[in-house]
Amino acid sequence: MVTNKCKTLALAALVFAAPISVSAQTQAVLAESIALPTLSVLSGKQLKLSLAGVECGQNEYFTDKANVSILANGTPLEFSRTCHDSVLAFVPINRSENDLFVEILLKGRNLNLRYMAGARSYAYNDWQLAPVKEALR
């Protein structure tokens, strides 16, 4: 029996490297505990990833850092990371990094992001990216 919470897990587009054998109830809890960062377009087609509701300073991942590497569909990009007022944000460090991020986003159907230092991965499906792609065109 598929519950709404299991559907939420599928819609959240969470990717796991190895299959896990857990109950539907555990999957639902897992889906609720891993949030997908919001991908937004600022003025000048500047892209930004943000995750609200975090505890800044909780660990190294939730602190400011001028230069972090993130793989976008396998291509390394450099971002600045900030964490203020419970919002973790990633912005490409310069215009050329942003332009490359835009190109990757517009060329691919889906977007897979992997934060290299923290082993965190996020996957966005085409329907999740549609409003962002429209804003970039």
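Observations on the structure shown:
Results for (1) at pLDDT below 50; (2) crowded, with 16+ Cβ neighbours inside 10 Å; (3) not assigned by TED's automatic domain parsing to the domain that holds ALA130, shown as yes or no for each residue.
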site	(1), (2), (3)
MET1	yes, no, yes
CYS6	yes, no, yes
ALA13	yes, yes, yes
ALA18	yes, no, yes
SER21	yes, no, yes
GLN46	no, no, no
ALA66	no, no, no
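- Members of region 54-74 that are out of contact with any Asp or Glu (no Cβ under 9 Å at 6 or more places or on another chain) and of a type outside the set (A, V, I, L, M, F, W, C): GLU55, GLY57, GLN58, ASN59, GLU60, TYR61, THR63, ASP64, LYS65, ASN73, GLY74
- Output for region 120-137, where each listed residue is part of a helix (DSSP H, G or I) and in contact (Cβ under 8 Å) with a residue 12 or more places away in the chain: ASP126, GLN128, LEU129, VAL132, LYS133, ALA135, LEU136
- Restricting ASN98, ASN94 to residues that are surrounded by 15 or more Cβ atoms within 10 Å (Cβ to Cβ), over 12 Å from the mean Cα position of the chain (by Cα) and either closer than 24 Å to ASP64 by Cα or not assigned by TED's automatic domain parsing to the domain that holds GLY53 (or both) narrows the list to ASN98.
- Single match in LEU111, LEU129 (criterion: under 15 Å from THR38 (Cα atoms), buried (at least 16 other Cβ atoms within 10 Å of the Cβ) and out of contact with any Gly (no Cβ under 9 Å at 6 or more places or on another chain)): LEU111
- Residues of region 104-119 that are part of a strand (DSSP E or B) and charged (D, E, K, R): ARG114 alone.
- In this structure, PHE101 does not satisfy being part of a strand (DSSP E or B) and modelled with pLDDT of 95 or more.
The values are calculated or read from the model by the stated rules, or taken from the named source; none is laboratory data. Treat the numbers as computed from the prediction; the structure is a model and nothing was measured. FYI the Cβ positions are ideal-geometry reconstructions off the backbone, even for glycines, and counts take in every protein chain you see.
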